[in-house]
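The values are calculated or read from the model by the stated rules, or taken from the named source; none is laboratory data. Note that this is a predicted model, so its numbers are computed, not measured. Here the Cβ positions follow ideal geometry from the backbone for every residue, glycine too, while neighbour counts run over all protein chains shown. Surface accessibility is based on the protein's heavy atoms, side chains included, excluding ligands, DNA and RNA. Shrake-Rupley method; radii C 1.70, N 1.55, O 1.52, S 1.80 Å.
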Amino acid sequence: MSESVLEQFSRIAAKPYDYAREWKKRTGGRVFGYFCTYFPEELLHAAGLLPMRILGYKENVSLADSHAQPFICSLVRTSLDAALKDKFDFLDGVVFPHSCDSIQNLADIWRHNFPRQFSEVVVLPVWVDIPEAEDYLTEEISRFRQKFEKHLGASISDADIAKSVGIYNENRRALTELYSLRRENPGSITGKAVLDVVRASMSMRKEEHTALLGKLLGELRVAPKTNGATVRVVLYGNACDHPDLMNLFDEMDAVIVDDDLCTGSRYFLHTEAVNGDPIRKIAQRYMKRVPCPSKHTTSFDRRRYLVDMVKESKADGVVMLILKFCDPHAFDYPDLAKRLTESNIPHLLLETEMQPSSLEQIRTRLQAFVEMLKEKKNV
Amino acid sequence: MSEPLFGGCDIGSTTGKAVLVRDNSVIASVIVPCLPRPEKTAELVINEAISQAGLSSVKDVTYLVGTGYGRVRIPFANEDISEITCHARGASWLRSSVRTAIDIGGQDCKVMGISDTGRVREFVMNDKCAAGTGRFFEAMCRVLHVSLEDISSLSLESKAPATITSQCSVFAESEVITLLNEGVDVADIAAGINFAIAARLVSLARKVGLVQDVTVTGGCAKNVGLIKCLEEKLKAAITLVPGDPQIVGALGAAILAREAFARA
């Protein structure tokens, strides 16, 4: 039997690095890893590369702790560990945006250990909604472009970059539609499957992903309405790449209706029209997208954003999936939790790690939370 | 035909508990140490409860809810409910004025905010490590060569509780060994252990907020020294539920079994 569209997405999401190896073999192209979605991956795409998000490695850490303290997030820790174990031998280059201190310092450790590999840091502005930030980022991306072109020994035209921005926008719009179809009919696709689709988008050439996603959207547009599940949940947090954890929601009859996750909607929400200087367009998008908690803005209030998301998606509660030792998310947590409580929205914090860990305590918490939501709904 | 019989079976990390309820009263309650397999613990504890109630078979139980770590592996359970929901229900059934329950089990601890209808309003659970739980006490007892009961009574005798700084049970064990080698009195170390655990629970409890009545459930609630330390650290009175605090989860499961049966 041939693989269904969802099975393909899930396979790639579960083993993105295998996909990269296979893509390389198939096309003879080059693969670059990037460490945070604030990296202007459109530039890599324009040069014909496969930009792929490095999102940790699902194996216990044995080498990384000789190079960095263990109290950094497991995304950085397991990625470094995997690199030291030669698991990323397929990467032709690695690029780091300065999103948080851990990624910044990972860049330095990486350079010391893999001196022959192309690697570069793009220093992003922290305060993103001031005009100076846009000018600065436009210059910084241009600086990276020059260095990257020198490495390639070829120049990338503005037209090619604009074309890639267009291809990325098309993918962003398709993912946005996936989310709106899910909001309308959350029983039609599992929460795990939706995150798999987004995870696959971070790993595949965008044209290929959009084509596959188009088939899925076609199926979802005509999917029969289901209203089996009793509890509706919004997810918030950073990197959620835990198929087993996501399966628990299904097991407990809770549907995911929307998310504000780094590996979810934050990856694709907001597009900038392709006109004018494409580098500036990339910079503008990065200024206007739903910000990561590591960014500072004066106009965006995540507390209100989350409360609105819950109301608009008619959710019963919020599950916060936070990677342990992610400082930006951890510092925001008490404030977000307080506002949700004040808004009478039940919430649950689940700390996660990239490497394999026991699911039992998470099961107990999630089950109790779902029982609580069901009880609240019945009353 | 006699009145329906409801059961709760709580297979925890350290002990298995079973409670049988009929006509709004507990007719059997049993605690056994865990066997390596949760299924076996469940069978052992329910059979003892069945014989305590003077019955012949688990088939006499009309409806049974499983809870605890082994809850999905109880072969005779009609459904499973998390121990958080069960402890809250059990505590509130035993004392309807309870609004906050702190459950200190063998492997983890939870703080539950309870509504006036006996439902979980909010809860928090400890981190992955076993510091601040029954396992922690067991490890300390091994080092001190005392029983769990001794920790409680020794702690009450202490005039100058020792300071144990580590949050981790493995490191705390090394700290206790250091204290012993320094010649610190065992009673002071016992009190230090109780204070260290109380301090951890306070930060957990503050996340939920303390509303009176506050109660403590789970096996560790039998440690009177710990309860005293907790009251001091929480700056709040603790009202224990009547009877054995260790069976509150299983009791809650039995009460929820009765409610589920009534709904069906």
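Examine region B:69-79 for a residue that is of a type in the set (D, E, K, R), under 16 Å from B:GLU259 (Cβ atoms) and touching a strand residue (DSSP E or B) at 6+ places or on another chain (Cβ under 8 Å), and state whether such a residue exists.
yes
Out of B:SER174, B:SER169, B:SER203, report the one residue that is touching a Ser or Thr at 6+ places or on another chain (Cβ under 9 Å) and free of Cβ contacts under 8 Å to residues at least 24 places away in the same chain.
B:SER174
When region A:283-301 is examined, which residues are found to be assigned to a helix (DSSP H, G or I) and open to solvent by less than 20 Å² (accessible area, probe 1.4 Å)? Show your work before the answer.
Start the filter on region A:283-301 by keeping residues that are assigned to a helix (DSSP H, G or I), which leaves A:283-288.
If the condition is that a residue be assigned to a helix (DSSP H, G or I) and open to solvent by less than 20 Å² (accessible area, probe 1.4 Å), then A:ALA283, A:ARG285, A:TYR286 are the ones that fit.
Which residue pairs have Cβ atoms closer than 8 Å, lie 6 or more positions apart in sequence or on different chains, and pair a first residue in region A:359-375 that is under 16 Å from A:ARG232 (Cα atoms) and more than 9 Å from every other protein chain (Cβ to nearest Cβ) with a second residue that is open to solvent by 30 Å² or more (accessible area, probe 1.4 Å) and of a type in the set (Ser, Thr, Tyr)?
Final answer for the pair search is A:LYS374/A:THR230.
Can you run down the residue pairs with Cβ atoms below 8 Å, 6 or more apart or on separate chains, where the first is in region B:237-264 and under 16 Å from B:CYS109 (Cα atoms) and the partner is in a helix (DSSP H, G or I) and of a type in the set (Lys, Arg)?
Between residues of region B:237-264 that are under 16 Å from B:CYS109 (Cα atoms) and residues that are in a helix (DSSP H, G or I) and of a type in the set (Lys, Arg), the close pairs are B:PRO245/B:LYS222; B:GLN246/B:LYS222.
Return the residues of region A:359-379 that are in contact with a Pro (Cβ under 8 Å, 6 or more places away or on another chain) and open to solvent by 60 Å² or more (accessible area, probe 1.4 Å); say none if nothing qualifies.
Of everything in region A:359-379, just one residue is in contact with a Pro (Cβ under 8 Å, 6 or more places away or on another chain) and open to solvent by 60 Å² or more (accessible area, probe 1.4 Å), namely A:LYS376.
Looking at B:SER169, B:SER152, B:SER147, which one is at pLDDT 90 or above, away from chain A (no Cβ under 14 Å) and closer than 30 Å to B:VAL98 by Cβ?
B:SER152
Filter region A:340-358 down to residues that are open to solvent by 70 Å² or more (accessible area, probe 1.4 Å) and touching a residue at least 12 places away in the same chain (Cβ under 8 Å) and give me whichever is farthest from the other protein chains (Cβ to nearest Cβ).
Here the answer is A:PRO356.
Kindly indicate whether any position in region B:213-224 is open to solvent by 70 Å² or more (accessible area, probe 1.4 Å), touching a strand residue (DSSP E or B) at 6+ places or on another chain (Cβ under 8 Å) and of a type in the set (D, E, K, R).
Scanning region B:213-224 turns up no residue that is open to solvent by 70 Å² or more (accessible area, probe 1.4 Å), touching a strand residue (DSSP E or B) at 6+ places or on another chain (Cβ under 8 Å) and of a type in the set (D, E, K, R).
Go through (1) among the hydrophobic types (A, V, I, L, M, F, W, C); (2) within 13 Å of another protein chain (Cβ to nearest Cβ); (3) open to solvent by 40 Å² or more (accessible area, probe 1.4 Å) and name the single condition A:PHE331 misses.
The failed condition is (2).
Is it the case that region A:164-187 has a residue that's modelled with pLDDT of 95 or more, open to solvent by 50 Å² or more (accessible area, probe 1.4 Å), farther than 30 Å from A:ARG232 by Cβ and not acidic (Asp, Glu)?
No, there is no match, as no residue in region A:164-187 is modelled with pLDDT of 95 or more, open to solvent by 50 Å² or more (accessible area, probe 1.4 Å), farther than 30 Å from A:ARG232 by Cβ and not acidic (Asp, Glu).
State which residue pairs qualify: first residue in the same structural domain as B:LYS17 (by TED's automatic domain parsing) and open to solvent by 80 Å² or more (accessible area, probe 1.4 Å) and inside region B:40-54, second residue of a type in the set (Gly, Ala, Ser) and not in a helix (DSSP H, G or I) in any location, beta carbons under 6 Å apart, and separation of 6 or more residues or different chains.
Hits for this filter: B:GLN52/B:ALA28.
Taking region A:16-31 as the search range and keeping residues that are in contact (Cβ under 8 Å) with a residue 60 or more places away in the chain and in a helix (DSSP H, G or I), which one is most open to solvent (accessible area, probe 1.4 Å)?
From region A:16-31, those in contact (Cβ under 8 Å) with a residue 60 or more places away in the chain are A:16-17, A:19-21, A:23-24, A:30-31; that's our starting set.
Next cut, in a helix (DSSP H, G or I) only: A:16-17, A:19-21, A:23-24.
Working: A:PRO16: 6, A:TYR17: 23, A:TYR19: 13, A:ALA20: 0, A:ARG21: 90, A:TRP23: 14, A:LYS24: 54 Å².
Among those that are in contact (Cβ under 8 Å) with a residue 60 or more places away in the chain and in a helix (DSSP H, G or I), it is A:ARG21.
Please enumerate the residues belonging to region B:145-203 that are of a type in the set (Gly, Ala, Ser), open to solvent by 50 Å² or more (accessible area, probe 1.4 Å) and not in a helix (DSSP H, G or I).
The answer is B:ALA160, B:GLY183.
Output the number of residues of region B:129-140 satisfying the condition of being among the hydrophobic types (A, V, I, L, M, F, W, C) and either modelled with pLDDT of 90 or more or outside any helix (DSSP H, G or I) (or both).
3
How many residues are more than 14 Å from chain A (Cβ to nearest Cβ) and either within 30 Å of B:MET140 (Cβ to Cβ) or open to solvent by less than 20 Å² (accessible area, probe 1.4 Å) (or both) when one looks only at region B:96-122?
As a first pass, look at region B:96-122 and keep what is more than 14 Å from chain A (Cβ to nearest Cβ): B:96-100, B:102, B:104.
In the following step, the residues that additionally are either within 30 Å of B:MET140 (Cβ to Cβ) or open to solvent by less than 20 Å² (accessible area, probe 1.4 Å) (or both) were identified as B:98, B:100, B:102, B:104.
Count: 4.
Say whether the condition of being of a type outside the set (A, V, I, L, M, F, W, C), touching a Cys at 6+ places or on another chain (Cβ under 9 Å), assigned to a loop (DSSP other than H, G, I, E, B) and over 12 Å from B:VAL124 (Cβ atoms) is met by at least one residue in region A:345-367.
Here is the first cut: in region A:345-367, the residues of a type outside the set (A, V, I, L, M, F, W, C) are A:346-347, A:351-353, A:355-358, A:360-361, A:363-365, A:367.
Then drop every residue that is not touching a Cys at 6+ places or on another chain (Cβ under 9 Å), which leaves A:352-353.
The next check asks that each one be assigned to a loop (DSSP other than H, G, I, E, B); those that pass are A:353.
Those still in the list that are over 12 Å from B:VAL124 (Cβ atoms) too: A:353.
Yes, the conditions are met somewhere in region A:345-367.
Please report, ordered by residue number, the strands (runs of 3 or more DSSP E) entirely within region A:32-148 with at least 3 residues that are open to solvent by 10 Å² or more (accessible area, probe 1.4 Å).
The strands (runs of 3 or more DSSP E) meeting that bar are A:118-122.
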